[in-house]
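Structure, as structure tokens:
The values are calculated or read from the model by the stated rules, or taken from the named source; none is laboratory data. Since the model is a prediction, treat every value here as computed from it, not as a measurement. Cβ: placed from backbone, ideal geometry, glycine included. Neighbour counts: every protein chain shown.
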Amino acid sequence: MLKELPSKSVDLVFADPAYNMQLKKELYRPNNTKVDGVNDDWDKFSSFEDYDNFCISWLKECKRVLKDTGTIWVIDSYHIIFIALGILC
């Protein structure tokens with residue numbers, strides 16, 4: 001759907017993408033609370049590279065459609081923040 005929108009036409013993007021949380025073992029946050037994994041099909045990627053490419057693709061489209069004065073909110077986990085910053089900044 002994003003590809004159908006004109007460039008610089010959106011004031012706000014709110015995204016809650018897949019998190020790629022297919023955990024093979026226990027994972028803890030810096031405050032020692034346990035991270036719950038996701039086992040649903042919508043969150044399955046064959047590799048970290050595939051997930052990164054997925055994120056890069058939709059983030060680039062969000063940046064393209066976002067007005068210069070627009071805002072983007074991304075709800076996700078720790079491991080996407082650097083991808084998002086690299087694309088959006």
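Values computed for the structure shown
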| item | result |
| --- | --- |
| Qualifying positions in the range 59-81 - modelled with pLDDT of 90 or more and outside any helix (DSSP H, G or I) | Leu66, Lys67, Asp68, Thr69, Gly70, Thr71, Ile72, Trp73 |
| Breaking point among (1) surrounded by 10 or more Cβ atoms within 10 Å (Cβ to Cβ); (2) in a loop (DSSP other than H, G, I, E, B); (3) modelled with pLDDT of 75 or more, for Ile56 | (2) |
| Some residue of the range 15-32 being within 18 Å of the chain's Cα centre (by Cα), in a loop (DSSP other than H, G, I, E, B), over 19 Å from Phe82 (Cβ atoms) and modelled with pLDDT under 90 | yes |
